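A short write-up of the structure that comes next.
Laboratory data are not the source of any read-out in this text; all were calculated from the coordinates shown. If you're wondering where the values come from, they're calculated on a predicted model, not measured in any experiment. Quick reminder, even Gly has a Cβ in these numbers, built from the backbone with ideal geometry, and neighbours come from all protein chains shown.
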Amino acid sequence: MQCPKCRAPMHTYNRNGVQIEQCSGCRGIFLDYGELEALTRLESQWSQPAPPPPAAPQAYPAAPQAPAWGAPHGGHHGGHYGHRRHKSFGHMLFSS
Amino acid sequence: MTPNPLLPALTARARAAAHARTSGCPCGATVTLADRPDATVVRHADTVAKAHAPDLTPADLSPRLTAAARLPGLLLPPLSPTPVDLHGRLVSFWPHGTPVDPTDPDAAPWEAAATLLARLHRTPAPVPLPPMRGPAKAALALARLRTTADGTDLAAGTTAVLRAWDTLPAWARAEAPQPDTTTLCHGDLHLGQLVRHPAPDGSWLLIDVDDLGVGVPAWDLGRPAAWYACGLLPPDEWSRFLAAYRAAGGPAVPADGDPWPALDIPARALAVQTAARAITKALAEERLLDEVEQSLVDACDRMAAVPPELAHGYAK
């Protein structure tokens, strides 16, 4: 599946039994019909007194650590990589 | 632009070197791969000739070429470890390798780059080598920015870059020896510094030994770290690079946990250097910074507000 925003391939992750697709380029997330509700339901279960321990065989990948001076979206789920990626790749990543 | 008078002579040398290697040279055109003030590189058939920076002396270059010749699984070996003089420039000869495709981000060899660096950092220097030149090159970029921006109104971003530079410790500004004087480092890692040899599908190897030397190995991770921090390298590619470096036992960062105490200074220094070069270039071309260049200047702006992690690692 291709990202409708930046055309990069989307990868499927299983989060608490809900299949979600995340774009490998811009990190945007696509939810199928009913998945948002399923996630909301899971969230409300989590806030109950004794939540079951999370089983995460296919963990949703956490963003790597970033320095305090990093870009506001750097290391978080920012959505700006897609459109900037090709430009910065050939332009910046090949020179001293 | 005035043609570089060195080019015809270098082209002739590349042809001669190529013909000495193979009797049946198909003898196509000689291609200019780079023609900058600090390096001119041409290729004829499977031979590459590089004229090094005008200020590079045999004492600077020879041990670095010897090191490359002795580490054939890590660095592309030169055809000869002895450079020749051509119109006052040192020239070295190399086999041709296939570079990374700058139009295909998905094919970038992040794991190979990281693994090569980890292995390089774990390898004792095969001959005594001068310090890795990364900090000296950064200082040079800042000096050029000061000269270029001087006299005009300080170009937008210059103040931020100079302030960020001032937050760095002396070693990162090449004003004091590096705190590591034994670890073998590349000194100028970017994606243009990897080739497959033998072309087109041999192993990835590091090229360009001009800045090779002993020093702080985190410097070699500093550019990818800075690209990631500035939002130019997606998190998953940075994660792949870092994980491969750790998996290969690279000593620049701890095996697990937060790598940023070790990476912070080199990543800052390389972001500042890159921003300085971008502004210098934009001033020379009388244009504004583009979006990518601006993201580096913006990072410099934020750096001044967050001092380096003085409590950690090499920040002394």
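Numbers at a glance
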| quantity | calculated |
| --- | --- |
| Sites residue B:111 and residue B:35 - FRET efficiency at Förster radius 45 Å, r taken between beta-carbons, to 0.05 | 0.90 |
| Over chain B: helical MRE at 222 nm, DSSP H runs n ≥ 4 each giving -39500 (n - 2.57), nearest 500 | -13500 deg cm²/dmol |
| Over the stretch B:74-152, volume per residue of the alpha carbon convex hull, in Å³ | 205 |
| Extension gain, residue B:143 back to residue B:62 (0.36 nm per residue minus Cα-Cα distance, nm) | 26.5 nm |
| Calculated log₁₀ intensity ratio I(q)/I(0) where the Debye formula runs over C-alpha points of chain B, q = 0.15 Å⁻¹ | -1.32 |
| Percentage relative contact order, chain B, counting C-alpha pairs under 8 Å, at least six apart | 18 |
| The protein assembly as shown - Rg (one decimal) and Dmax (whole number), Cα, Å | 23.2, 81 |
| Per-residue HN-Hα couplings for the stretch B:21-29 [Karplus 6.51, -1.76, 1.60; θ = phi - 60°; Hz; x = Gly/Pro] | 8, 9, 6, x, 5, x, 6, x, 6 |
| Shape category assigned to the stretch B:6-95 from the gyration tensor of Cα positions, a/c cut at 1.5 | oblate |
| Proxy reagent accessibility, fewest Cβ within 10 Å first, across B:190, A:11 | A:11, B:190 |
| Amide hydrogen neighbours beyond the local backbone of residue B:47, cut-off 5 Å, H modeled | B:96 |
| Amide H partners (placed H, <5 Å) of residue B:125, local residues excluded | B:184 |
